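Trainee: There's a structure below that I have some questions on.
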Amino acid sequence: MKINDLILRSVTKLIVFIILTLAIYLFFSGHNAPGGGFIGGLVLASAIVLLLLTYDIETFKYSIPFDFKIVAAIGSLIVLLTGMGAVLFGKPFLTQSFATINIPFIGLREISTVTFFELGVALAVVGVVITIILSISEDV
Amino acid sequence: MLIMNNLVVFPMIIPLLVGVILAFFPNHIYTQRLLTLLSLIATFVVSILLLNLIQTEGIITLEFGDWQAPFGIVFVADSFATLLVLTTSLLSSIIILFAFQTIGKTRETLYFYAFVNFLIAGVNGSFLTGDLFNLFVTFEVMLLASYALITLNGKKVQLRESIKYVAINVVASSFFLIAIAYLYGTIGTLNMAHASERIAEVGQTPLLTVISLVFLLVFSLKSGLLLYQWLPGSYSVPPAAIAALFGALLTKVGIYALYRVFTLIFYHEPQITHTIIAVMAILTIIGGSIGAIAFRDIKQVITYNVVIAVGFILAALAIFTATSITGGIYYLLHDMIVKALLFLLAGTIIYLTKTSRVDAMSGLIRNYPTLGWFFFITVLSLTGIPPLSGFLGKVLVGQGALETSSYILLLVTFLSSMVVLYSLLRVFMGTFWGETIISEEEQIPLKPLTLLPSAILICLTFILGLAPESIAPFVTDASNVLMNPQIYIDAVLEND
């Protein structure tokens, strides 16, 4: 049976970009304002889930050919390693540090180790959420 | 100085890191085995270093991310926690040797070793954390890993029991969260040392006592104190190596939490809280004894013996004198070792006879004499026969009971030894004595390597029994900190 989902498909193409932009915005507004890796990762995952609902699993696996278990593992690894980074510098575990550097054309920006930590969290969240959804959908 | 403090987090971070790395290549079994063993041994080495450091430097704390104690999360390594971390990593590396032989290829490729690492990370984290909410988180890490381990490669009976296990733990965890919320609402802190200090200042009001009872309910569910009905089912379905990890470690985390909370935070109203613990311990021992005698299935007998031990160790907490707490710690360490041993031996027996019913086996001593003697030594050790490790703990707990004239506790705890002896000797006689049922041709060869982990554990129970002086300074220090909460508080809130 062929489902007439023209509206869903057209809207998805547009909406996914909005969701992804919001995800990135939330991610970077991170540790100082509402937002951060966890919520950014969840929003990112919701964009992927929307793609998954609109198109079938085969198309999805063809276009995003990641093993999301590995994504989650990479994320957790980044989280742990940024925590361990402080240990190497003789600071307590999970201590953060930041520096303000001048990026050409963008200007002064604050670069912080928390951002890497948040990146790990985001990847872990995306990996776990998509793994759960894929396992459930394969089961049914 | 700071580098040294970071050691405190390593018993949790090493297994966590290795567990994550193992998730990348589930099919390289030999690498997985090697890395897991290395991670557990590294954890063991770190905990030895920590334990020695504590004797010279006092309690070591680590404030995560340099946030000071009552505000940030803090990890606290005192002798009690570190002794348990040490025993945990030692036992898990021995049990993992047994798992190499018995767990099977399917489970090994299903992330078995990664989950074991996460489990150990959760257990060690629960021992070391100095913050109640963080305790909840590490509990969850441990429980999630245990959910995965109990259902891994699930057979029907395994799934049935794991539903019970997951359900009871989810309920317990939500009560845990509620208790934490109540406590935070009442005294405005979740740092254990800070909470203890504040409760000492305002007095343990009836409201706080009620909150302490909610904590008691939660940890009783987790440790199997009185609310142990889920335990025999869930601990008897997974394979022997996993059951040994559960039996040796998981209930002990609940016991640790009870010891910590009722000596550090809620110790002002012992006539209420500790009396309730005493009653619960007595009922646990009685219930466990009935179970241990009633069943003819070796797995059930063993899991009910876990329940009896939980009752015994918490009876020591209920008596609440320096002597009984020292005895309780000795017995806790002994029980972790011997329960691991018992589960491994029972697993070996079941593997060799392909049944867990005592009635269906007989005369194994002719086929496997070493296994028989090992089992016999284990039974003696569990009962508390002098040269073995159970003796000292029982004597000290008994002495504590006499000091406080808790004659009922004394009677019940010592009668429980008889029940342990009777229930396990019956298993021993049923399985090892009599006419052999396995002919020479059918006999499954028992590789020496399979018996090696049990042999190491037997050595440990002898060492702990013959040379308790080797750990005596640590145990004395541990019970000293438990009986004098101010030492712990001063170590954590050093700036006050």
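Taken together, the values in this text are just the output of simple stated rules run on the coordinates, not laboratory data. What you are looking at is a predicted structure, and each value in this text was computed from that prediction instead of being measured. All Cβ positions, glycine included, derive from the backbone under ideal geometry; neighbour counts span all protein chains shown.
Trainee: What ranking do B:30, B:422 get, fewest neighbouring Cβ atoms within 10 angstrom at the top?
Mentor: Final ranking by Cβ density, sparse to dense: B:30, B:422.
Trainee: Run lengths n ≥ 4 of DSSP H only: what is the helix-derived mean residue ellipticity at 222 nm for chain B, with -39500 (n - 2.57) per run over all residues, to the nearest 500?
Mentor: -25000 deg cm²/dmol
Trainee: Can you give me the Kirkwood hydrodynamic radius for chain A, using every pair of distinct Cα atoms, in Å to one decimal?
Mentor: Result for chain A stands at 16.8 Å.
Trainee: Same structure, new question: Which whole number gives the average, over all residues in B:10-23, of C-beta atoms from other chains lying within 10 Å of the residue C-beta?
Mentor: Rounded to a whole number, the mean comes out at 3.
Trainee: Using Cα pairs under 8 angstrom and six or more residues apart, how large is the relative contact order of chain A, in percent?
Mentor: Across chain A, relative contact order equals 28 percent.
Trainee: To continue, here is another question. Expressed as an acute angle from 0 to 90° and rounded to the nearest 10, what is the orientation of the C-alpha long axis of helix A:113-139 relative to the principal long axis of chain A?
Mentor: It works out to around 20 degrees.
Trainee: Collect residues whose amide H, placed 1.01 Å from N in the peptide plane, falls under 5 Å from the amide H of residue B:129; neighbours closer than 5 in sequence don't count.
Mentor: B:76
Trainee: Quick one: check the C-alpha center-to-center distance for region B:92-108 versus region A:93-109, whole angstrom.
Mentor: Between the Cα centre of region B:92-108 and that of region A:93-109, the gap is 47 Å.
Trainee: Next question. Using the Cα centre as the reference, give the magnitude of the dipole from point charges on the C-beta atoms of region B:315-443 (Lys, Arg: +1; Asp, Glu: -1; all else neutral), rounded to the nearest 20 debye.
Mentor: Value, rounded to 20: 240 debye.
Trainee: Per DSSP H run of at least 4 residues, take -39500 (n - 2.57); add these up for chain A, divide by its residues and hand me the 222 nm value, nearest 500 deg cm²/dmol.
Mentor: -23500 deg cm²/dmol
Trainee: In a solvent-free Debye calculation with one equal scatterer on each Cα, what is log10 I(q)/I(0) for the protein assembly as shown at q = 0.07, 0.08, 0.10, 0.11 Å⁻¹, listed in the order of the q values?
Mentor: Those come out to -0.47, -0.61, -0.93, -1.10, one per q.
Trainee: Show the residues, 5+ positions off or on another chain, whose built amide H is closer than 5 Å to the amide H of residue B:434.
Mentor: Counting only residues 5 or more places away or on other chains, the set is B:363.
Trainee: A further question follows. Do the alpha carbons of any pairs in B:222/B:447; B:354/B:394; A:69/B:252; B:339/B:447; A:91/B:222; A:61/B:155 sit beyond 26 Å of each other, and which pairs?
Mentor: Beyond 26 Å between Cα atoms: B:222/B:447; B:354/B:394; A:69/B:252; A:91/B:222; A:61/B:155.
Trainee: Would you mind checking the tilt of helix B:156-187 against the longest principal axis of the Cα atoms of chain B, expressed as 0 to 90 degrees and rounded to 10?
Mentor: That works out to roughly 10 degrees.
Trainee: Loop-only trypsin sites (Lys or Arg not before Pro) in region B:244-316, please: DSSP not H, G, I, E or B, and at most 15 other Cβ atoms within 10 Å.
Mentor: Working: sites: B:252, B:260, B:296, B:299; in loops: B:296.
Counting only loop positions with at most 15 other Cβ atoms within 10 Å, the trypsin sites (Lys or Arg not before Pro) in region B:244-316 are B:296.
Trainee: Mind checking the angle between helix B:407-432 and chain B's longest principal axis? C-alpha axes, 0 to 90 degrees, to the nearest 10.
Mentor: 30
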